[in-house]
Amino acid sequence: VRTLAMLQRLQEEQFAVAAVLVEDSHNHHLLLDAAEWASLQGLVDVLRPFKQVADTLAAARYPTVSMVKPLLHALENTTLRAQDTDAKEVAMAKEVIARELAAAYRDSPEVDMFLNVATFLDPRYKRLPFLSPLE
């Protein structure tokens, strides 16, 4: 969430930052080119849904563990899905984030089963499109 806020603020102040860096010839190498600004925008687009998930959990009067699996599924199948138009930095960020989420929630059979059962038992999630018939 903090990284997202920092990147968004950098975008907002793009012209002010450029103006300051242009004034000093020793700082020209710090100026971002168009491709780097595009990558920064891509990273903001990747991180924004994570803030929405955090806000959703924080806003819930009684957040439950059953919310985790559906939220993970949504992130993995939308935000973290690689697209042909992704800059290489954005694609790499998506890959790293997806790998870390898998390590935390999917690679442990006990954790994965716990999340599946918690979600299955919650009546808010009657349909579980992210579960296979075996699960």
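The values are calculated or read from the model by the stated rules, or taken from the named source; none is laboratory data. Everything numeric in this text was worked out from a predicted model, so none of it was measured. Methodologically, a virtual Cβ is constructed for each residue, glycine included, from the backbone with ideal geometry; neighbour enumeration extends over all protein chains shown.
Assorted remarks:
- Condition met for Thr85 (among the β-branched types (Val, Ile, Thr), farther than 20 Å from Leu43 by Cα and either out of contact with any Ser or Thr (no Cβ under 8 Å at 6 or more places or on another chain) or without any contact (Cβ under 8 Å) to a residue 12 or more places away in the chain (or both)): no
- When the residues of the range 1-55 are filtered to those that are aliphatic (A, V, I, L, M) and outside any helix (DSSP H, G or I), the one that is farthest from the chain's Cα centre (by Cα) is Leu31.
- Within the range 109-135, tally of residues that are closer than 27 Å to Leu47 by Cβ and loosely packed, with under 13 Cβ neighbours inside 10 Å: 2
- Among (1) part of a helix (DSSP H, G or I); (2) at pLDDT 90 or above, the one test that Phe120 misses: (2)
- Within the range 57-69, being part of a helix (DSSP H, G or I) and either surrounded by fewer than 14 Cβ atoms within 10 Å (Cβ to Cβ) or not β-branched (Val, Ile, Thr) (or both) holds for Leu57, Ala58, Ala59, Val65, Ser66, Met67, Lys69.
- Residue identified as without any contact (Cβ under 8 Å) to a residue 12 or more places away in the chain, within 29 Å of Arg2 (Cβ to Cβ) and in contact with a helix residue (DSSP H, G or I) (Cβ under 7 Å, 6 or more places away or on another chain) among Pro70, Pro63: Pro63
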